[in-house]
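> Quick one: the structure is below, questions incoming.
The values are calculated or read from the model by the stated rules, or taken from the named source; none is laboratory data. The structure displayed is predicted, hence computed values, not measured ones. Positions of Cβ are backbone-derived with ideal geometry, glycine not excepted, and every protein chain shown enters the neighbour counts. Heads up: the accessible areas ignore ligands, DNA and RNA and are worked out on the full protein's heavy atoms, side chains in. Shrake-Rupley method; radii C 1.70, N 1.55, O 1.52, S 1.80 Å.
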Amino acid sequence: VDDSPTPEQRSLQAENARTIGDCLRGLEPPQRQAIELAFYDGLSYAETADRLARPIGTVKSQIRRGLVRLKCCLEGD
């Protein structure tokens, strides 16, 4: 049995990746940086704060606000 994605599934995945990329680029740079480090690099809040030389509370707020904006963008609001 071939478990690889069908051409339709690959096309949908590519479209979703483009949409997410577009929404990420629409974020303010500090929000985008914090989200990318936390979600793509798998860093904790503390590690993200250290890497960005920002207070941990600031990083938490930037991630939370960025995720809210991403949700709105992905829902088409």
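> Please give the number of the condition LEU27 fails out of (1) open to solvent by 40 Å² or more (accessible area, probe 1.4 Å); (2) touching a helix residue (DSSP H, G or I) at 6+ places or on another chain (Cβ under 6 Å).
(1)
> Sticking with this one: Residues that are surrounded by 10 or more Cβ atoms within 10 Å (Cβ to Cβ), touching a residue at least 24 places away in the same chain (Cβ under 8 Å) and part of a helix (DSSP H, G or I): does region 35-47 have at least one?
Checked region 35-47: at least one residue is surrounded by 10 or more Cβ atoms within 10 Å (Cβ to Cβ), touching a residue at least 24 places away in the same chain (Cβ under 8 Å) and part of a helix (DSSP H, G or I).
> Of everything in region 1-34 that's part of a helix (DSSP H, G or I) and of a type in the set (A, V, I, L, M), which residue is nearest to ASP50 (Cα to Cα)?
The selected residue is ALA34.
> While we're on this one: Search region 16-29 for residues that are touching a residue at least 60 places away in the same chain (Cβ under 8 Å) and pair each with any residue that is open to solvent by less than 60 Å² (accessible area, probe 1.4 Å) and assigned to a loop (DSSP other than H, G, I, E, B) when their beta-carbon atoms are under 9 Å apart and the residues are at least 6 apart or on different chains.
Sorted first by the residue in region 16-29, then by its partner, the list stays empty.
> On to the next question. Mind checking which pairs have a first residue in region 54-68 that is part of a helix (DSSP H, G or I) and a second that is of a type in the set (S, T, N, Q), Cβ under 7 Å, 6 or more apart or different chains?
VAL59/THR48; GLN62/GLN31; ARG65/GLN31; GLY66/GLN31
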